[in-house]
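Visitor: I have a structure I would like to understand better, so I am pasting it below and will then ask my questions one at a time.
Read-outs: derived from the displayed coordinates by stated rules, not from any lab. No experiment lies behind these values; they were computed from the predicted model shown. Every residue, glycine as well, gets a Cβ built from its backbone with ideal geometry; the counts of neighbours run over all protein chains shown.
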Amino acid sequence: MGIVSSGFRGRRSENPALPPGQHETQNFPVLTAGPAPHIPVGEWEFFIVAETGRRLSWSWSEFMALPQESVTADIHCVTSWSKLGTRWRGVSLDTLFENVQTTCDFATAHSFGGYTTNLPLWDLLGGKAWVVWEFDGQRLERAHGGPARLLVPQLYFWKSAKWIRGLELTAEDLPGFWESNGYHLHGNPWREERYS
Ligand SMILES: Nc1nc2c(c(=O)[nH]1)N[C@H]1C(S)=C(S)[C@@H](COP(=O)(O)O)O[C@H]1N2
Ligand SMILES: [Mo]
C-alpha cells in the first residue's frame, strides 16, 4: 500500500517552482476587494512622493516614453494558486526611481479606488518590480488592473497593486489594506509569510 500511494503525480513539492502550500493554475483568477475603478489613460498619472514632500509624476504618455522591459515571472496568490511563466511588459521601478532621493526604507503603494499595500524598497528596486501595462501580449485588462498595475512577483500577489496610482515613501513599514486585515506585513511566499 505504501508503494502504491508513493507516486509523485500531483505532489506539490515535486515542482521546484511552486512555493510551499501552492498549486499551479492555468487560469487567471480575478481577486479584487470592491469594484474595479475605471481610469481613462488621459486621467492616469503615476507619482512617487518622498518624505521631503518632493513629488515626481508621469502622465501616461511620459510613462510610455520611458524604457520598457519584458518580464516573465511566476506569480503566487496567498489563497494558494500560482501561475507560472506569466509574461508582462512595463517600466522597471529602477527607472522610475532614477531621480528620487530618499532615506526611507519603505513605500506604500496607492491605487485608484483606495487600495493600499506596503513594501520595503528592497523589494521594489534592483530589477525586482515593475509598473506593467501589458499581459501576455495584450493591454492589461481592467479587471487585472489596467491601465497599469504594480508587479512584484517575489512577494504574494496582493502586493502587486492593481490600478496603481503612485508610491509614498515612508520611514516605517506601515500596514496597507490587507496587512491591516491580518495579512503578513512582508508576504514572501517561499517563507509562507501569509498571515500575521
Ligand atoms: N487595487 C487593488 N489591487 C489589488 C487587489 C485589490 O483588491 N485592489 N487585490 C490584490 C490581491 S489580494 C491579489 S491576489 C491580486 C489579484 O490580481 P488579479 O485579479 O489580476 O489576479 O491583486 C492584488 N492587487
Ligand atoms: Mo490575493
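Visitor: Can you compute 3J(HN,Hα) from phi for each residue in segment 127-144, using the Karplus curve 6.51 cos²θ - 1.76 cosθ + 1.60 with θ = phi - 60°, rounded to whole Hz and x for Gly and Pro?
Guide: Listing the rounded values in order: x, 10, 8, 9, 9, 10, 10, 10, 10, 6, x, 10, 3, 4, 5, 4, 4, 9 Hz.
Visitor: Taking Cα pairs under 8 Å and at least six residues apart, what relative contact order does segment 74-196 come out at, in percent?
Guide: 29 percent
Visitor: Also, I was wondering about something else. With θ set to phi - 60°, apply the Karplus curve 6.51 cos²θ - 1.76 cosθ + 1.60 along segment 23-29 and write out the HN-Hα couplings as whole Hz, x wherever there is a Gly or Pro.
Guide: Working through the residues one at a time gives 10, 7, 10, 8, 6, 10, x Hz.
Visitor: At 7 Å along Cα-to-Cβ for each site, give me the label-to-label distance between residue 87 and residue 15 in nm.
Guide: Here the answer is 1.9 nm between the modelled labels.
Visitor: Distance between Cα centroids, segment 115-144 to segment 53-102: provide it in whole Å.
Guide: Using only Cα atoms to place each centre, the spacing works out to 5 Å.
Visitor: Given the DSSP H assignment, sum -39500 (n - 2.57) over each helix run of at least 4 residues in the chain and divide by its residue total; what's the result at 222 nm in deg cm²/dmol, nearest 500?
Guide: After summing the helix terms and dividing by the residues of the chain, the value is -1000 deg cm²/dmol.
Visitor: Further question: Which FRET efficiency, nearest 0.05, do residue 154 and residue 56 yield, Cβ-Cβ r, R0 25 Å?
Guide: Working from the Cβ atoms, E equals 0.50.
Visitor: Moving to a separate point now. Work out from phi, with θ = phi - 60° and the Karplus expression 6.51 cos²θ - 1.76 cosθ + 1.60, the ³J(HN,Hα) of each residue of segment 98-105, listed in order in whole Hz, and give x for Gly and Pro.
Guide: With the stated coefficients, segment 98-105 comes to 3, 10, 9, 10, 7, 10, 6, 10 Hz.
Visitor: Something else about it: Would you mind calculating the gained length between residue 191 and residue 173 on full extension (0.36 nm times residue separation, minus the Cα-Cα distance), in nm to one decimal?
Guide: Residue separation times 0.36 nm, minus the Cα-Cα distance, leaves 4.6 nm.
Visitor: For the pair residue 41 and residue 79, what calculated FRET efficiency results from E = 1/(1 + (r/R0)^6), where r is the Cβ-Cβ distance and R0 = 35 Å, to the nearest 0.05?
Guide: 0.70
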